[in-house]
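Notes to accompany the following structure.
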Amino acid sequence: MICSTMTIENKLLNLCIDESPPRNEPLVAKYIRSFAFPVLSKLTPFNISKTGSYLSANKNAILQKYGAEAENDITSVLEKLDSLIADILSNSPFRELSSDNVDVKTWNKVLDEFTDQDGNRPTWVFTNWLYCECYIHRRIFEAFETSTFLKNYDPFYEQKMKALLHCEEAMDILGKFLIEYFNKNDVQLKNLREDLPKIIKCALWGNRCDLSQTGGDAIAQTESPLDLVESLQPLMLADESSKIVDFLFTSLNNSEDNKTLDIILDNAGYELFTDLCLADYLMTYKFVNTVRFHGKAIPWFVSDVTRKDFIATINFVANTSISETLKELGKRWEGYFKSGQWIFESEQFWTLPFNFDKMRSLDNELYSKLSKSFLIISKGDLNYRKLVGDIFWEPTVPFTQAVGSFKPSKLLALRTLKSDITCGLAEGLAERISKNDPDWLKIGKYAVIHVDGL
């Protein structure tokens, strides 16, 4: 695969500006001191190369499944991935997508909208970073979907499942805590009030396990998730969990039959496991009675949850894990899924390059669905960026202001910081952290819990 440091230096670096991005504007990769530039110039070519490497490593299994004719597909996909890297590193203009997928018309319309009046198409360094990064991952999928045998192939599926295995020890600790809890007959409201924030924060810190940061290499989670919540509390830069806990306990007095929780998922693997734990906890104690999980319709950003990942994760926990406790937990989840109390959906909107405040005009059906939600939980960094417009806000801009017109229902955002984007911080906090930890925004070390509509 192509990945030339010299090309990066000579092409991209010379096009860029050695400055931080301007405040209160959408991110663009041309600013060298933004996180977008190193992601575009280094991490993205690396991830695309790893995509090709995983495909090559699975060549024999693919040929065994589809026959010798599939070798042409493998060669074609690798060539298209090489071409994508070359396009990025030479800052070539974007091109139209060429598959027959239902989203292609929308993507090509966006390309037209970003094309200037002289017909100059957007390029990687100079266009809005959110559009650019989403376009990259859509091009990766295009390389597969335009093949004959690999149309639905997920090159990172095995890595996502391996990541789950790497975290089985931590999963077992959290699973035992929950099963013991669920089997008690005398759980008091005060116990629930004490422990609900811990379960929420387990789901929050699960977001640290992101394969897109490592090219698909698994991140092991071996510590007790509950102990980790306590030790990581000083790294919480904004913690509005008390507001959501108060809301949920007040809702227990509400006899409404249809309290639907919508979770906008992020990563498969350990993070998805913690999301399922949180959903089970909220179901068991009648805070909600239905959960809709929103995943991705196509392989996306290396480790995002697809339907296949969702079903395989529940199946692994229920039937394959080494822990009897985890199997008991997994059987509960199978029951929720089979009964329709848990629903997995994968609307196209989540893999389009739009901020969430465009949802009402672009996908009113989805916005209307979320408007009937009792609570929406948004997971992870990319969803957070889409929530707040991928704008390099002043850190003190209130979260409720940054989300703009996206107000379908009450909202809880759980996010570890892996990009320049942040908001809703106390005065002076960002400056104090920057002095001791210059890369604090980009490394997944710090986290925020924000709410809107409460």
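Computed from the coordinates by the stated procedures, all read-outs in this text should not be read as laboratory data. What you are looking at is a predicted structure, and each value in this text was computed from that prediction instead of being measured. Glycine gets a Cβ as well: all are built from the backbone with ideal geometry, and neighbour counts include every protein chain shown.
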Q. Could you give the distance between the Cα centres of the range 322-383 and the range 6-75, to the whole Å?
A. 28
Q: Could you check the simple spin-label distance between residue 365 and residue 253, using points 7 Å along Cα→Cβ, in nm with one decimal?
A: 3.9
Q) If you project the alpha carbons of the chain onto the principal axes, what extent comes out on each, in Å, largest first? A) 67, 57, 43
Q) Once the Cα atoms of helix 70-89 and of the chain are each reduced to a long axis, what angle between those two axes, in degrees from 0 to 90 to the nearest 10, is obtained? A) 80
Q | Rounded to 10°, Cα long-axis angle of helix 104-114 versus longest principal axis of the chain | A | 70
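Please go through the range 7-49 and write out the trypsin sites (Lys or Arg not before Pro) that DSSP classes as loop and that have at most 16 other C-beta atoms within 10 Å. Don't skip to the answer; put the middle values down first.
Numbers: sites: 11, 23, 30, 33, 42; in loops: 23, 30, 33.
Hits after loop and neighbour filter: 23, 33.
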Q | Under Karplus coefficients 6.51, -1.76 and 1.60, residue-wise ³J(HN,Hα) of the range 200-205 in Hz, glycine/proline x | A | 4, 6, 4, 5, 4, 6
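Please report, largest first and rounded to whole Å, the three semi-axes of the ellipsoid equivalent to the range 318-389, where each semi-axis is the square root of five times an eigenvalue of the C-alpha gyration tensor.
32, 15, 10
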Q.
Just to check I understand the Karplus step: with θ = phi - 60° and J = 6.51 cos²θ - 1.76 cosθ + 1.60, what whole-Hz values come out for the range 384-389, glycine and proline as x?
A. 5, 4, 5, 4, 9, x
Q: Show which aspartates and glutamates lie in cross-link reach of residue 109 when reach means a straight Cα distance below 16 angstrom and same-chain residues fewer than eight apart are skipped.
A: 96, 100, 363
Q: With label points built 7 Å along Cα→Cβ from the Cα atoms of residue 126 and residue 75, find their separation and express it in nm.
A: 3.8
Q | Contour minus Cα-Cα distance for residue 64 and residue 182 (0.36 nm per residue) | A | 38.0 nm
Q | Rounded FRET efficiency, nearest 0.05, which uses the C-beta distance separating residue 343 from residue 194 and R0 of 41 Å | A | 0.85
**Q.** Model label zone, residue 17; criterion: amide N under 15 Å from point 7 Å along Cα-to-beta-carbon; scope the range 109-142
**A.** 125-129
Q. Can you give the angle from 0 to 90° between the axis of helix 129-145 and the longest principal axis of the chain, with both taken from C-alpha atoms, to the nearest 10?
A. 80
Q: For the range 114-218, state which trypsin sites (Lys or Arg not before Pro) are in a DSSP loop and have at most 15 other beta carbons lying within 10 Å of their beta carbon.
A: 151, 184
Q. Applying the Karplus parametrisation 6.51 cos²θ - 1.76 cosθ + 1.60 with θ = phi - 60° to the phi angles of the range 279-286, what ³J(HN,Hα) value in whole Hz is obtained for each residue in order, glycine and proline being reported as x?
A. 4, 5, 4, 5, 5, 4, 9, 6
Q) Which value in nm describes the separation of the simple spin-label points at residue 322 and residue 158, placed 7 Å from the Cα toward the beta carbon? A) 2.1
